[in-house]
Amino acid sequence: KAAAFRDHIKNGEASAARLYTEEDPLVILSSSSLKPTVSNSSSAWLVQFFSSWCGHCIQYSSTWKTLAQDVKDWQQVISVAVLDCAQEENFDVCKEYNIRFYPTFKYFRAHSAATDRGTAYRGADREIQSVRQLMVNILQNHTRLDWPDRCPPLDPSSSVELLPLLGQRSDHYTAIIIEEPHSYVGREVILDLLQYSGVEVKRALSSELPLLDALKITTFPSIYLLHPNGTHTHLHVQKRLRFFFSSLLRTLPGVQRRLKSEDSSSSVGQVGALEDEWKVYTADLESALHYLLRVELATHNTLEGEELKIFKDFVTLVAKLYPGGGSVVKLMETLSDWLLSLPLQRIPYQAVLDLVDNKMGISGVFLGTELRWVGCQGSKAGLRGYPCSLWTLFHVLTVQHDVTPTALENTGLEGEAAPVLQVMRQYIRTFFGCEQCGRHFEQAAAVSIDQVQSREQQILWLWNQHNMVNYRLAAPWPSPSLCASCHEEKNGVHVWNYDNVLRFLRHHYGASNLSPKYSLTPPRLPAPPPDPDPVQTSQPEHRAGGERKEEERTEEQPEPRPGHLAARGEDRGVWILGLGFNSVDMSLCVVLYVCSCLFLMLLFFFFKVRSRRWKLRHSRLHV
């Protein structure tokens, strides 16, 4: 019992220690790392000393994580950290730093001495906006001697300093935020843009009358932009909030992150379009299918068992929900019909590739053989591309499932509450090339995907998971320039308006917003040569007319549907295992097999009866 009790305590400590994890945008300190981290640091630190057994600490952990996410771009000048005083190894250091109650907040100035035990924050208000403003005050309380190395000036500039900048050329933008004296917006935006190059942010107060007269500013806070070419203009923002100001400046042409946090190719992608983020390009969707079917799937020599079932479900999903019709839909429908008609439990990948490449020349079936990233084009080769396009493809499918809820009837997928998410989860787990990315997606799916019970929740769940990637790589999406009504602030913290987000996603990924620009068009198949006609040969003028009538009749004939192809010369049907047999051939084989079996059985019974009669006639005894 004692051993079991000790195990229970250890398990409890392990689970409690996971109150904050390495996935959170903060630093987890310990007794061995606290002093080396905060002493003589080039940046300031705000540390929460907590106990993993404290109920209030557990409740407050979500707020602290949100704060760390909100100020993650400030970490070069002030960082957020935690230390668990409930862990045995931290008992002494918490005692040394005079921690008596939980949670206790202490901040450490930049370049502090090793003997500094921090300054406790005793304010009653511990909400995100108040703590964020505390962080700004901590920075401004530094002197010139101990000022954080990477921290820009936070004091307001005067009219004398700013007016001479008007009309001057520069190698970067200069943004001037004019605000009331009590406002923190300007200082927060300066820190938000800390890790971005190409723009410098300054702040001025509403009391600078000469500046207000020159710029014609009457409302506060306002943002005025000085362009590198010497022009200047008053920027319009939908809402006069910190998030809108920061987002607007981040999207200026030429403004980029100074430090690259993570390579976007190491995750499942990032939302956004470099050329026109207002549109979704079918070229990206087609490139995703091309890479998926011809590159990623090629690593599996054969498909069998669970892999084959997952691939069938994926093909069926795309065939039923891919918007717009056309050659891609015809290819996926043909591939789906072929897979569903096969009685085999194992098929070679080469057979799939032959059909994708349309080796049999089926009319109207086509998928381009080159990658054309448009909305998913990265800033350089190797970034974004396929992962981004795969996200986009499934976003489109979730919206199409919402628009056409009956499209998946009689497919075996209609019983799922979130069929698109389930197929996506299985595909990424089985086929997606980035193993670490698939593991991250599976972890997220295992936690909450089963809670999705409607088509609307399916759309929002995928968007939310995608945004978690964006938070690590860039900024939340959609940006205020795309959907201002999607963004709000509550107690100074950015929040989403989910009703407006859902409305935006339905439009953005809807069929009406798909742009066919840059898509590869199917090649025109050469027309079959006309049958020789001696009568027409002797009369050229009638032959020409006859050819035109034949062409007209050919155009009027409807094309056979995929999976039900006519046995014509130019439409030779779907190859089975790449051997040249189509579905009609297989059906004829089955019919002939059944007929031959019945014929043989009839012959057997016929001769059996005759032999019995012969024996009865010749077996009588003679007296």
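The values are calculated or read from the model by the stated rules, or taken from the named source; none is laboratory data. Here the structure is a predicted model, which means the values were calculated and not measured. Here Cβ is always computed from backbone atoms with ideal geometry, including for glycine, and neighbour counts include all displayed protein chains. Please note that ligands, DNA and RNA were not included when accessible areas were found on the heavy atoms of the full protein model with its side chains. Shrake-Rupley method; radii C 1.70, N 1.55, O 1.52, S 1.80 Å.
Quick notes on this one:
- Two-decimal Rg/Rh across segment 294-411, once Rg and the Kirkwood Rh are taken from alpha-carbon atoms: 0.97
- Computed FRET value (nearest 0.05) for residue 161 with residue 429, which takes r as the C-beta separation and R₀ as 56 Å: 0.45
- Size of charge dipole - segment 37-94 - debye, nearest 20, with Cβ of Lys, Arg +1 and Asp, Glu -1, no other charges: 220
- Shape category assigned to segment 12-167 from the gyration tensor of Cα positions, a/c cut at 1.5: prolate
- Segment 159-257: C-alpha gyration tensor shape, a/c 1.5 cut-off, then a/b vs b/c: oblate
- Among 465, 405, 424 - extreme Cα towards positive end, dipole of segment 280-515, charges at beta-carbon: 465
- Label-point separation in nm, residue 517 to residue 95, each point 7 Å along Cα→Cβ: 6.9
- Approximating the spin labels as points 7 Å out from Cα along Cα→Cβ, the residue 251-to-residue 296 distance works out to 2.8 nm.
- Counting heavy atoms of the protein chains alone, residue 213 has an accessible area of about 110 Å² for a 1.4 Å probe.
- Legend: calculated FRET efficiency, residue 307 to residue 507, from the Cβ-Cβ distance at R0 = 30 Å, rounded to 0.05, equals 0.25.
- Inter-site label distance for residue 595 and residue 611 at 7 Å from Cα along Cβ, in nm: 2.8
- Between residue 604 and residue 444, the FRET efficiency estimated from the beta carbon spacing at R0 = 51 angstrom works out to 0.20.
- Taking the convex hull of Cα positions in segment 134-203, its mean projected area over all directions (nm²): 5.4
- One decimal place: the segment residue 140-residue 278 gains 45.7 nm when fully extended, by the rule 0.36 nm per residue minus the C-alpha distance.
- For residue 374, the solvent-accessible surface computed with a 1.4 Å probe is close to 10 Å², ligands and nucleic acids excluded.
- Potential lengthening of the chain between residue 239 and residue 30 amounts to 71.1 nm, from the contour at 0.36 nm per residue minus the alpha-carbon distance.
- Extension gain, residue 22-residue 168: 0.36 nm per intervening residue step, less the Cα-Cα distance, totals 48.0 nm.
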